[in-house]
Structure formats: structure tokens, C-alpha cells
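The values are calculated or read from the model by the stated rules, or taken from the named source; none is laboratory data. All of these numbers come straight from a predicted model, not from anything done at the bench. Virtual Cβ from ideal backbone geometry, glycine too; neighbours counted across all protein chains shown. Accessible surface is based on the protein model in full, side chains and every heavy atom, while ligands, DNA and RNA are left aside. Shrake-Rupley method; radii C 1.70, N 1.55, O 1.52, S 1.80 Å.
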Amino acid sequence: MTFYLFGYLGQVLFAFPAPVVMLVIAVTLKLARAVSPALQQGAFSVYRFFSTAVTYPLLFAIGVSLTPWDKLVAAFNVPDVITIVATVTSVMATAALVGRALGMYPIDTAIVVACHSGQGGTGDVAILTAGNRMQLMPFAQIATRIGGAITVTLVLIALSRLG
């Protein structure tokens, strides 16, 4: 709650979205080792509970209720499908090659990067479950959330400079 309040304060003062400010604060505190082990353990317990008991029913409910089925069906034409397949394949292939060059497991790096093509955290669960790689969830969350937050923040800064 405190992080969100500080995030909202950052939104009021600096015109950045509150969740982005909150995420930056949380990451900064974590990197500075300013979060106590007891608080980290408590957060991990909440994470484990949600990842085992809540995630799968929520994944199904969100996927069914929020998917714009009419637009999804209309998007299934040859040029769009080719574009989607080419984009996801090239991102995953690049991740596998870079992962191999860095001495990482290429399949794991490709799967984590594929999470960018899903529905955010919901897509992370679906992709990692399908690949039997749920142990990569923290990395997928970092790639999806922090990578997305950095991208959005940089775009907002660039757009504010243009206007």
C-alpha cells in the first residue's frame, strides 16, 4: 500500500503513471537491499499461494472474459498471421542466439522472451506452463513488467520531448 501511495504521489508530482513509479521504487529498494528478509519471505509466501491456487482459475477467467472474440476471429487472415508468426519467431530466435552467446540456456531465454508476446502476466503463466518452465516465472515477470515499464517510461519521456 505504501509503495502505491508513493507511486501516486510520483504521478501527481512528475506526471508518470503510479504503477510505473511504484515499480521503480520497489526495484530500487530491492536492489539497495533495503527490504528485510522477513518482508521478502512474506511476499514470497503470497506469491506462492497465488501462483498455485489462484493463477490458473484466474488465467482461464481473464482469458475468456477479456478476449475480444469478434476482433480476434476477424484478425485471422493470412497477412496478420504471417506477421505475428514472423515477429514472435524472430524475437525468440534472437533471444536464443544471444542466450547461447552469453552462456545461458537458449531454450529458456527464448521462452522467457516469448512471454512478451502473451497477455502480460497471464501470458507468462500460460507460456511457462506450456513449456514446463514455471521456475522461470521471476525472470518472465522481470522481462514483462520491468521491461514493459522501462519501454513505456522511455516512450513517455520521448513523447513529452516532442510535444
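Shape analysis of segment 1-58 places it in the oblate category; the axes a ≥ b ≥ c from the Cα gyration tensor give an a/c of at least 1.5, with a/b not above b/c.
Sorting the segments 78-90, 143-155 by their mean number of nearby beta carbons within 10 angstrom, highest to lowest, gives 143-155, 78-90. Rolling a 1.4 angstrom probe over segment 27-84 with all protein chains present gives an accessible area of which 75% lies on carbon and sulfur atoms.
For Thr109, the shell of other residues with beta-carbons less than 14 Å away shows a net charge of +1, using +1 for Lys and Arg and -1 for Asp and Glu.
With axes computed from alpha carbons, what is the tilt in degrees of helix 37-49 against the longest principal axis of the chain, rounded to the nearest 10 within 0 to 90? Its long axis makes an angle of about 30 degrees.
Against the set [x] 31, 17, 15; [y] 28, 22, 19; [z] 20, 20, 16, the structure's computed semi-axes √(5λ) of the Cα gyration tensor in Å falls on [y].
Provide the packing ranking of 64-76, 124-136, i.e. peptides ordered by the mean count of other C-beta atoms within 10 Å per residue, highest first.
The peptides rank, most packed first, as 124-136, 64-76.
Under the convention that each Lys and Arg Cβ holds +1 and each Asp and Glu Cβ holds -1, the size of the dipole of the chain around its Cα centre is about 380 debye.
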